[in-house]
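Asks: Shown below is the structure under consideration.
The values are calculated or read from the model by the stated rules, or taken from the named source; none is laboratory data. All of these numbers come straight from a predicted model, not from anything done at the bench. Cβ placement follows ideal geometry from the backbone for every residue including glycine, while neighbour counts extend to all protein chains displayed. The accessibility values were calculated without ligands, DNA or RNA, using every heavy atom of the protein model including side chains. Shrake-Rupley method; radii C 1.70, N 1.55, O 1.52, S 1.80 Å.
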2 protein chains.
Amino acid sequence: MTAQNLNAPRTDAVRRYLQGLQARITTAIAKLDGAAFLTDAWQKAPGETLQGSGITQILEGGPVFERAGCGFSHVRGPSLPPSATQHRPELAGAPFEAMGVSLVFHPRNPYVPTVHMNVRMLAAKGRDGQEVCWFGGGMDLTPYYGFEEDAVHFHATCKTALAPYGDDKYPRFKIWCDEYFYLKHRAEQRGVGGIFFDDFSELGFDDSFGLMQSVGDSFLTAYLPLVERRKEMVYGERERAFQLYRRGRYVEFNLVWDRGTHFGLQSGGRTESILLSMPPLVSWSYQNVPEAGSPEADLYSKFLVRKEWV
Amino acid sequence: MTAQNLNAPRTDAVRRYLQGLQARITTAIAKLDGAAFLTDAWQKAPGETLQGSGITQILEGGPVFERAGCGFSHVRGPSLPPSATQHRPELAGAPFEAMGVSLVFHPRNPYVPTVHMNVRMLAAKGRDGQEVCWFGGGMDLTPYYGFEEDAVHFHATCKTALAPYGDDKYPRFKIWCDEYFYLKHRAEQRGVGGIFFDDFSELGFDDSFGLMQSVGDSFLTAYLPLVERRKEMVYGERERAFQLYRRGRYVEFNLVWDRGTHFGLQSGGRTESILLSMPPLVSWSYQNVPEAGSPEADLYSKFLVRKEWV
């Protein structure tokens, strides 16, 4: 069988939602920035292992965003890769269908945080012929210079988005995010966190899908006010250098630890779309440790730590 | 048992060779550059899983080298990580000792190629109490602008280094290098290659060690003439931009595919020393495809391909 047998009306509804979300977000970002997104519709060639299509949107070199990538993709494959079945070993090798919107926005001004958001659906047919469908996603914030009110606003918006689906969701998904976006080789959090969930189907299809939509719909509310608040702040070479250095951690996380990136690269995904998350300009330097008491040192001690923000 | 029981006189000889090699190379590079290496002797804290010490040397912001890292390390661990036992499954989990010199030099001028060299010894005690010791290493060249004579000189030097150990070694290690330094997600070679070998003990301890020494001793002969030849070439923004973009491939290879990097990060190695290989400044941009017939397009079509250079 191919994954095309999977429940079509349901996946159509998810597809419509995701494409609408991508359009809403990129329209708002382009309006805020002033520059336009390049839009690239792609399709996997017949005969490739992975089949499907996507819409890659990217804004490069804008006045506010130095690189802002937002991609929709919808693929089918004959065999779920190991990175996707960690928690569902019974589905290893099953035909699957995956659909999602993923974005990473790298602002130019070091006072504006980098942000990541992803919402996705996976469906697979197990050996017993049973179709299994689950959702995943989340959003998380990576500041270069920490502002408590920004972290609080971001987390509060996440909490509000999840509240209709049960009071347990925000605390669970908040911890999950802290655990996921952790650089083991640095013993460091990637940023101030947010929410992360995966393999989510416990509320049944409609409400699990609803929860994912609520997360997607809250993204602009969570992030845009921070951009508005910080984008005109004056910065100099020192702040720029620290931003470029810290962007290296983003690269290290995504290429060394990120399951989504490995899923994409392992399963023969479209490299240029997967690596939309890479920053436009990055530096590495040896033993770059900020002076005690500096705002750069504060980032490490007060923001890149596990903490209750709301 | 601890790996300290491993044959001490032998490992002492390897250690002396490696520390001497590191000193010779960094002295020559500092002389050529004019800037000095920072030298950082480190030691793993008692109680850490991995025990041992190392000497990290790094030159940053020099006139010729923008970032040149050269590290010696000598560690012992209770259990060989999976990345080191791919070809020796019978040693999975065995106590081990690893020692090596590893370097990556990132020049400032885009006409000077980036280079990588590594020589290493691994020893482990199998379940039968038998000590197994093997060598690995190699060197490979990554140009931004290709020059046939540079690739030929580099490969010819590698071939000469291996000749005393049998005519089969260069062809075998050359292919191994092409296979190893390949970016699957880009369907691209990392550079023009060189030589790569691993799990090497077939000539017995003395000659296998001798082969590794011959590789290490040939490094300056292989690389310095290329630096001398290219370092004064005039370049502009276009060449600089292409260099920064291509450096992204170096990051992608090392963080996504390199076994050495994963070995280090998996086994609790010293992150700042492992990531000496990262370039000082890197860019990513979407669908960066050079114009047909340009020198940048030539790099892809004539140099980043598997080819007999000598």
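Asks: Restricting attention to the range A:229-255, report how many residues are crowded, with 21+ Cβ neighbours inside 10 Å and touching a residue at least 40 places away in the same chain (Cβ under 8 Å).
Replies: Qualifying residue count, the range A:229-255: 7.
Asks: Here's a follow-up. Output the number of the condition that residue A:273 fails; it satisfies all remaining conditions of (1) in a loop (DSSP other than H, G, I, E, B); (2) in contact with a strand residue (DSSP E or B) (Cβ under 9 Å, 6 or more places away or on another chain).
Replies: (1)
Asks: Separate question: I'm told residue B:34 meets every condition in (1) in contact with a Phe, Trp or Tyr (Cβ under 7 Å, 6 or more places away or on another chain); (2) open to solvent by 30 Å² or more (accessible area, probe 1.4 Å) except one. Can you identify the failing condition by its number?
Replies: Residue B:34 satisfies every listed condition except (1).
Asks: Quick check on this structure: which one of A:268, A:264 is in contact with a Lys or Arg (Cβ under 9 Å, 6 or more places away or on another chain), more than 8 Å from chain B (Cβ to nearest Cβ) and without any contact (Cβ under 8 Å) to a residue 40 or more places away in the chain?
Replies: Numbers: A:268 fails: without any contact (Cβ under 8 Å) to a residue 40 or more places away in the chain.
Only one candidate passes the filter, namely A:264.
Asks: Further question: Return only the number of the condition from (1) facing another protein chain (nearest Cβ under 10 Å); (2) buried (at least 20 other Cβ atoms within 10 Å of the Cβ) that residue B:296 does not satisfy.
Replies: Here residue B:296 clears every test but (1).
Asks: Please count how many residues of the range A:51-71 are more than 14 Å from chain B (Cβ to nearest Cβ) and not in a strand (DSSP E or B).
Replies: Qualifying residue count, the range A:51-71: 2.
Asks: Among the numbered conditions (1) at pLDDT 95 or above; (2) more than 14 Å from chain A (Cβ to nearest Cβ); (3) touching a strand residue (DSSP E or B) at 6+ places or on another chain (Cβ under 9 Å); (4) surrounded by fewer than 21 Cβ atoms within 10 Å (Cβ to Cβ), tell me where residue B:20 comes up short.
Replies: Of the numbered conditions (1) at pLDDT 95 or above; (2) more than 14 Å from chain A (Cβ to nearest Cβ); (3) touching a strand residue (DSSP E or B) at 6+ places or on another chain (Cβ under 9 Å); (4) surrounded by fewer than 21 Cβ atoms within 10 Å (Cβ to Cβ), the odd one out for residue B:20 is (3).
Asks: Being at pLDDT 95 or above and farther than 21 Å from residue B:256 by Cα, is that true of even one residue in the range B:181-200?
Replies: Yes, because at least one residue in the range B:181-200 is at pLDDT 95 or above and farther than 21 Å from residue B:256 by Cα.
Asks: Kindly establish whether residue B:290 is within 11 Å of another protein chain (Cβ to nearest Cβ) and either hydrophobic (A, V, I, L, M, F, W, C) or part of a loop (DSSP other than H, G, I, E, B) (or both). Break it down stepwise before answering.
Replies: Working: within 11 Å of another protein chain (Cβ to nearest Cβ): no; either hydrophobic (A, V, I, L, M, F, W, C) or part of a loop (DSSP other than H, G, I, E, B) (or both): yes.
For residue B:290, the condition - within 11 Å of another protein chain (Cβ to nearest Cβ) and either hydrophobic (A, V, I, L, M, F, W, C) or part of a loop (DSSP other than H, G, I, E, B) (or both) - is not met.
Asks: Another one. Pick from the range A:163-185 the residues that are more than 16 Å from residue A:308 (Cα to Cα) and touching a helix residue (DSSP H, G or I) at 6+ places or on another chain (Cβ under 6 Å): which of them is least open to solvent (accessible area, probe 1.4 Å)?
Replies: If we take residues in the range A:163-185 being more than 16 Å from residue A:308 (Cα to Cα) and touching a helix residue (DSSP H, G or I) at 6+ places or on another chain (Cβ under 6 Å), then A:183 is least open to solvent (accessible area, probe 1.4 Å).
The rows are residues; the columns are (1) within 30 Å of residue B:41 (Cβ to Cβ); (2) open to solvent by 10 Å² or more (accessible area, probe 1.4 Å).
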position	(1), (2)
B:87	no, yes
B:106	yes, no
B:111	no, yes
B:122	yes, yes
B:129	no, yes
B:135	yes, no
B:138	yes, no
B:148	no, yes
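Asks: Being in a helix (DSSP H, G or I) and more than 8 Å from every other protein chain (Cβ to nearest Cβ) is the filter here, so list the residues in the range B:248-260 that pass it.
Replies: Answer for the range B:248-260, where residues must be in a helix (DSSP H, G or I) and more than 8 Å from every other protein chain (Cβ to nearest Cβ): B:249, B:250, B:253, B:254, B:257, B:259, B:260.
Asks: Being under 17 Å from the mean Cα position of the chain (by Cα), surrounded by fewer than 18 Cβ atoms within 10 Å (Cβ to Cβ) and under 30 Å from residue A:246 (Cα atoms) is true for just one of B:261, B:271. Which residue is that?
Replies: Working: B:261 fails: surrounded by fewer than 18 Cβ atoms within 10 Å (Cβ to Cβ).
Just a single option satisfies the conditions, and that option is B:271.
Asks: If you go through the range B:274-286 one residue at a time, how many are within 7 Å of another protein chain (Cβ to nearest Cβ) and open to solvent by 30 Å² or more (accessible area, probe 1.4 Å)?
Replies: Counting residues in the range B:274-286 that are within 7 Å of another protein chain (Cβ to nearest Cβ) and open to solvent by 30 Å² or more (accessible area, probe 1.4 Å) gives 2.
Asks: Can you pull out the residues in the range A:195-227 that are assigned to a helix (DSSP H, G or I) and free of Cβ contacts under 8 Å to residues at least 12 places away in the same chain?
Replies: A:204, A:206
Asks: Spot the failing condition for residue B:223; the list is (1) at pLDDT 95 or above; (2) within 14 Å of chain A (Cβ to nearest Cβ), and only one is missed.
Replies: Here residue B:223 meets the rest and fails (2).
Asks: Exactly one condition in (1) under 19 Å from residue B:117 (Cβ atoms); (2) out of contact with any Pro (no Cβ under 9 Å at 6 or more places or on another chain); (3) surrounded by fewer than 23 Cβ atoms within 10 Å (Cβ to Cβ); (4) in contact (Cβ under 8 Å) with a residue 60 or more places away in the chain is not met by residue B:190; state its number.
Replies: Looking at each condition in turn, residue B:190 falls short on (3).
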